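Everything below concerns the one structure shown next.
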Amino acid sequence: MKSNTFMKYLESVHPLQEMIHHNFQYDLRVYSTSPGLYLKHITNDDPLGDPENRERLYDKCIEYVVSLGLRRIQEFLFYSISHQQGMIMTYRPDTQRKGLWCFSITLVLPNRKHILQPYHPTKKLILGRLISRSNMPPQALRYLLEIADVDDKLLIACENVSSNDWDSVTFNGNYGLRFTLDRSGISLISSGSSYRSLRLIEV
């Protein structure tokens, strides 16, 4: 029943539209959920502006999910370490080809080099401590926190948790990203573009 609800959400909010990649080895396709979405936040001087780089990234994501042997819907936030850019992708049944699975891209995030981050030393220290205490891939988490943090929301959330005002705090950042913090660090990441919490992966 839950998976049916998930599929209804995907089909109504993020329907498969444009096929942008086909991995023939695993017969798994990558779709965009709106025309031109995969080029959003990608400029000509970005590594992902090169179609070959994008295809290699898609293949890495496909190889990762195939290695898991998954057969359930899962939302991922993949972060390319070499290209320093992330995107939210959903592993789901391919409704255009019954019995097969696919990836759909629901959100493309900006390249890290376009993020201006004049971090105050105290804030930099808090960010480093938070990343080291969180049970998530560190480079991907740093990237997400840096692009999402606006108006010192991260700092305020950390202060609320460390002062024992709250057991956990959720703050909303740029690009619809949401982070839940508790005393052990970041416990959940979600997005306005996702149905559930995201699985953060470095590729």
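The values are calculated or read from the model by the stated rules, or taken from the named source; none is laboratory data. Keep in mind it's a predicted model, so treat the numbers as computed, not measured. Neighbour counts run over all protein chains shown; Cβ positions are idealised from the backbone, glycine included.
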* Structure fact -> Checking L48, L125, L141 in turn, the sole residue that is over 23 Å from S32 (Cα atoms) and crowded, with 19+ Cβ neighbours inside 10 Å turns out to be L141
* Tell me, yes or no, whether region 151-169 has at least one residue that is modelled with pLDDT of 80 or more, surrounded by 14 or more Cβ atoms within 10 Å (Cβ to Cβ), more than 29 Å from R56 (Cβ to Cβ) and of a type in the set (S, T, N, Q). => no
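Identify, please: which residue in region 96-127 is among the β-branched types (V, I, T), at pLDDT 70 or above and in contact with a helix residue (DSSP H, G or I) (Cβ under 7 Å, 6 or more places away or on another chain) and is, among those, nearest to I73 (Cα to Cα)?
Taking the candidates together, the pick is I105.
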* To do: Would you check which residues across region 14-35 are out of contact with any Gly (no Cβ under 9 Å at 6 or more places or on another chain) and either free of Cβ contacts under 8 Å to residues at least 12 places away in the same chain or assigned to a strand (DSSP E or B) (or both) and list them?
  => M19, I20, H21, H22, N23, F24, Q25, L28, R29, V30, Y31, S32
